[in-house]
Every structure is written in C-alpha cells, then in structure tokens.
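Below is one structure, written out as structure tokens, with a few remarks after it.
The values are calculated or read from the model by the stated rules, or taken from the named source; none is laboratory data. Just so it is clear, the structure is predicted and the values come from calculations on it, not from any experiment. Using ideal geometry, Cβ is built from the backbone for each residue, glycine included, and neighbour counts are taken over all protein chains shown.
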Amino acid sequence: MSTPVDSGLVDRFRAIVARRLGLQFEDTRLGWLEGLLRRRIESARQVGELYLAQLEYGASRDQLAALAQELTVPETYFFRSIDQFRALQEQVLPERLRAQSARRCVRILSAGCASGEEPYSIAMALHGLLPDASWQLSILAVDVNPAMLEKARRGRYTAWSLRETPPAMRARWFRPIGPKLALADAIRAAVTFEERNLNADDPNFWRSGSFDVVFCRNVLMYFTPQAAQAAVARIASSLVPGGVLFLGHAETLRNLSQDFHLRHTHGTFYYERKDTVAQQPDLGAQARAPATAAHPSAFTTTALERGESWVEAIGEATARIRALTAQPRSGPRLDAESAAQNSHLGRALDLFRQERFADALGLVQALPAGSTRDPDMLLLHAVLLVHRGQLKEAEETCHRLLSIDGLNAGAHYVLALCREGWGNYTGAADCDQVAVYLDPAFAMPRLHLGLLARRAGDHDAMRRELQQALVLLQREDASRLLLFGGGFDRDALLGLCRAELRAIGSVA
C-alpha cells in the first residue's frame with residue numbers, strides 16, 4: 001500500500017527543495033512532487049514528517065544529490081545556441097587573451113553542465129585557438145546530478161545529441177562505437193567535472209577572480225528568484241573584471257543583477273562583468289529564513305515594497321502610475337527631498353497623461369540635482385524629450401540611465417526612437433532587439449521593429465513583428481502604454497498593427 005502524503009507535506013517538501021537546492025516548482029507540478037515524495041518516503045522507510053525533518057536539517061551531500069537526480073532531468077545537445085559559441089570564438093576569446101597576457105591562462109566554468117555536451121562543445125570550439133603552447137585553457141564543468149556527471153565522463157552520446165553539431169566537428173571528434181558515438185580523448189581530457197550545488201554558498205569555490213567566462217545556460221529559469229539572485233551574485237564575484245557570462249537564450253539578468261553590461265554580437269546576447277560588483281547578499285540570513293516556497297511572481301508582487309524605482313515597478317505589474325500617484329512608496333520613511341521628488345513625479349505624470357508634454361518636461365527639469373541619478377526620473381525625462389523632438393538630449397539622458405541600469409528595456413526602446421529620428425534605422429532595430437531580449441513581453445519595440453521592417457520593404461519581418469505586437473498589445477500593461485505609446489491608446493495601437501498587416505495582404 002502506498003504511503004499517504006497530505007498536501008501539507010507536499011508544500012513543505014516543495015519549500016525544502018527550494019531552500020536546499022534552489023529549485024522552483026509551480027502548482028501545476030504538485031501532483032508530480034507528491035508522487036516523488038511518496039517514493040522517497042517509502043525508500044527511506046520513514047514517516048513523512050521524519051523524512052522531511054532529516055532532509056531539511058540533516059541531509060548529507062549524497063542524499064541531496066540523490067534527490068537532485070530525480071528532480072532534474074536535463075535535455076541538451078552539442079552546440080546548442082551555436083551563435084554563442086561563435087561569439088566565444090571570435091569576440092570573447094580574443095578579448096580574454098589580451099586581458100590575460102601576463103597570466104597566460106583562460107579559465108572557463110560550465111555551471112549546470114548536465115551530461116557534458118556544453119563543456120565539450122566549448123572545448124571543441126576553442127581547440128587550437130590559443131596563441132601558442134605556453135597558454136593554458138582550463139574548462140571546469142559542475143552539476144548537482146552525479147548520474148549526469150558520470151555520463152559526461154564516459155563521453156558516449158547518441159546521434160540525437162549531435163543534431164546541431166557542424167559536420168566537420170562531428171567527423172573530427174567522434175567515432176562510432178556500437179549504437180553510440182564516442183568523443184575523442186583529447187576533448188574529454190580538456191574538461192574537468194565536479195559535483196557541486198549551485199545553490200550552495202561555497203567561498204572556497206566561488207573565489208574572487210576565479211573565471212574568465214561562465215556558461216550558466218538554462219539553469220536559472222528553474223531556480224526560485226531568491227536562489228537565482230544569489231547564484232548570479234556568486235558568479236559575478238567569481239568572474240574577473242571584464243569576464244563574461246552566457247545565459248540561455250530565454251534568460252536575462254533583469255531583476256537579478258546590476259553587476260554586468262549587456263553585450264550583443266554574432267546574433268546573440270551575453271553579459272560582461274563590470275569593474276566592480278555589488279556586495280553579495282547575506283546568504284546565511286537567507287538560509288536561516290523560514291522555509292517558504294517561492295514563485296516567479298515574487299519579484300513582481302513586491303517591487304514597490306522593496307523600494308525599487310518606479311520604472312522597474314511599471315515594467316513588472318499593472319496600474320503602477322495610478323498606484324504611485326495615489327500613495328507614496330512603502331518602505332523606509334522618505335526624507336524631505338525624496339518626498340518632494342515623489343510629489344514632482346506625481347504631478348509630472350498627471351501632466352503627461354493630459355499630453356501636456358512641455359509642462360511635464362519643465363517640471364522634471366526643475367527637479368533637484370539629486371534626481372539626475374534616479375532611474376525613474378531619467379526615463380520619464382527621456383520620453384518627454386522625445387515627445388518634444390529633442391533627440392540629442394533624449395539620447396544623452398538614456399545613456400545616463402543605462403550607466404546606472406544597463407538592463408533597462410525602456411531606455412533601449414527610447415534609444416531606438418532616437419536612432420530612427422537620426423535616420424539610423426539599423427541602429428534603431430538593434431536597440432529594439434535589445435529591449436525585446438530584456439523584456440519579451442514589451443509590446444512597443446516589437447511594433448517599432450515591424451514599422452522599421454516596412455520601411456526596409458521586408459514584408460516577412462514586418463508581418464512577424466506586427467503579429468507578435470498584436471498579441472503583446474492585448475495584454476500590455478496600461479501604464480507602460482501610457483509611457484511608451486506615443487500618445488496612442490491600446491485600441492489605436494492595435495488598429496495601427498492591423499491596418500499595416502492588411503496593407504501587405506496579411507490577415508490581422
């Protein structure tokens with residue numbers, strides 16, 4: 001007979017998994033978690049409460065690894081997102097060789113390496129690219145799942161794992177052994193594998209300046225927001241200044257870190273560590289916090305409570321302008337200057353809503369000097385300058401904002417408008433693409449890309465972007481439409497998209 005597992009035990013199990021391993025599971029996975037918990041309890045031959053208590057407070061590294069093996073079922077393949085490997089070869093490696101000319105060693109970490117396809121792809125991509133034999137390439141690959149690491153060390157793969165491998169690479173580095181393909185010893189020897197939990201704060205491992213490049217792709221998306229933020233902080237501290245972080249194509253550092261500059265080359269995005277990084281959060285305090293399950297909405301629902309800028313808040317939830325003009329931010333008591341600034345902001349937003357752009361701009365420009373480094377004020381200022389046709393000043397304001405928050409999607413979108421105003425349509429599209437990458441739900445850069453494609457006569461791209469804009473506009477934040485919609489409401493923007501699509505014979 002199966003061991004009964006009530007919902008309270010499942011919720012506690014989910015919270016412990018989040019706390020000990022950093023992994024996040026939605027309500028839709030509760031049934032699956034219940035089945036896993038039942039199997040683990042039966043295997044341990046313990047009552048549920050005792051098993052969970054041991055897991056939370058006394059689980060060994062082997063016990064956690066065994067649990068991780070069941071919780072993580074990765075699917076990957078060689079040269080996944082191949083544009084990133086081209087960027088590594090042609091842009092990142094030359095930069096790191098110049099930076100490490102004295103040390104003559106380039107150190108790369110593959111974090112969450114699963115069955116080894118990623119670190120081995122790195123080894124193949126960089127083989128033979130070091131200047132001479134005095135240089136060393138160090139590739140360390142880590143994962144929490146010991147079964148995956150053992151598979152990686154064996155170096156035996158199916159043809160499906162090589163489905164995106166360039167034919168020349170496949171012919172050079174693999175040979176058939178029965179139904180599988182064996183990786184060459186030279187590539188296997190180039191990678192060192194270790195079992196490590198990315199959610200664990202290990203100062204001996206995450207030493208300052210340990211790595212030049214970190215690949216942490218399609219890992220953070222499975223973490224709780226708190227665990228992802230802590231993991232990125234550890235990665236940032238372990239990278240040398242100017243070191244590079246590659247994430248999965250659907251992942252960004254938005255709301256996770258301000259320690260990196262966003263880079264865009266070879267059709268892909270990656271992050272370059274700034275010269276200095278913020279002090280890491282008190283991870284010990286986090287570990288001591290009550291075990292509660294975290295969800296993806298954790299960042300959005302508490303943005304104002306955390307004292308984040310108005311710009312971040314309107315990008316994360318609905319009716320932000322109305323909320324901010326109706327009541328002050330929660331959190332620490334505002335000093336007189338901050339209170340005055342918030343009052344000016346509310347008045348400026350009221351004027352903006354009334355399309356009295358000149359009056360709103362005058363009010364913002366009259367603010368105290370301290371507001372010139374406040375991201376929300378800078379973005380509002382830039383938008384107002386665009387409305388007044390002052391593109392040079394708007395672009396300068398955007399750059400000041402991006403020096404503070406380089407991952408601000410709104411600033412990149414406003415830059416796109418400025419570039420278009422200067423006649424730099426390629427530059428405008430590039431800025432729009434950055435905004436889309438940073439915030440895939442942001443409708444306006446999609447619409448703008450569609451209009452730029454129309455100008456270029458690229459009807460396929462126009463159709464693709466405007467159809468995507470139609471979808472996003474229908475659920476776009478009303479406050480963000482107010483700020484970025486150029487004076488048009490939702491219905492007018494939807495009508496614009498549909499009219500443009502009908503003009504090229506596309507059903508809208």
Q | Residue pairs meeting the criteria (Cβ under 9 Å; at least 6 apart or on separate chains; first at pLDDT below 95, in the stretch 136-157; second in a strand (DSSP E or B) and of a type in the set (D, E, K, R)) | A | ASP143/GLU194; ASP143/GLU195; VAL144/GLU195; ASN145/GLU195; PRO146/GLU195; LEU149/ASP143; LEU149/GLU194; LEU149/GLU195
Q) Hey, among the residues in the stretch 90-110 that are of a type in the set (Gly, Ala, Ser) and surrounded by fewer than 24 Cβ atoms within 10 Å (Cβ to Cβ), which one's nearest to THR76 (Cα to Cα)? A) ALA99
Q: Within the stretch 106-127, track down each residue that is farther than 15 Å from GLU164 by Cβ and not in a loop (DSSP other than H, G, I, E, B).
A: VAL106, ARG107, ILE108, LEU109, SER110, ALA111, PRO119, ALA123, LEU126
Q: Evaluate the stretch 73-93: report whether one residue or more is at pLDDT below 95, of a type in the set (Phe, Trp, Tyr) and out of contact with any strand residue (DSSP E or B) (no Cβ under 7 Å at 6 or more places or on another chain).
A: yes
**Q.** Subset of the stretch 487-503 that is surrounded by 13 or more Cβ atoms within 10 Å (Cβ to Cβ) and in contact (Cβ under 8 Å) with a residue 40 or more places away in the chain - its residue that is nearest to GLN468 (Cα to Cα)
**A.** CYS497
**Q.** the stretch 26-41, subset surrounded by fewer than 22 Cβ atoms within 10 Å (Cβ to Cβ) and of a type in the set (A, V, I, L, M, F, W, C), residue modelled with the lowest pLDDT
**A.** TRP32
**Q.** Sole residue being assigned by TED's automatic domain parsing to the domain that holds ALA358, loosely packed, with under 15 Cβ neighbours inside 10 Å and within 27 Å of HIS249 (Cα to Cα), chosen from GLN468, GLN474
**A.** GLN474
Q) Right, ALA394: buried (at least 24 other Cβ atoms within 10 Å of the Cβ), over 17 Å from ARG263 (Cα atoms) and of a type in the set (Gly, Ala, Ser) or not? A) no
Q: Test VAL277 against the stated conditions and say whether it is of a type outside the set (Phe, Trp, Tyr), farther than 29 Å from LEU67 by Cα and outside any strand (DSSP E or B).
A: yes
Q.
Can you pull out every residue in the stretch 181-208 that is closer than 30 Å to ALA168 by Cβ, touching a residue at least 24 places away in the same chain (Cβ under 8 Å) and surrounded by 16 or more Cβ atoms within 10 Å (Cβ to Cβ)?
A. LEU181, ALA182, LEU183, ILE187, ARG188, ALA190, VAL191, PHE193
Q: Output the qualifying pairs, or none if there are none: Cβ atoms under 8 angstrom, residues six or more apart or on different chains, first residue in the stretch 239-250 and touching a residue at least 12 places away in the same chain (Cβ under 8 Å) and assigned to a strand (DSSP E or B), second residue surrounded by 24 or more Cβ atoms within 10 Å (Cβ to Cβ) and among the polar types (S, T, N, Q).
A: PHE246/GLN84
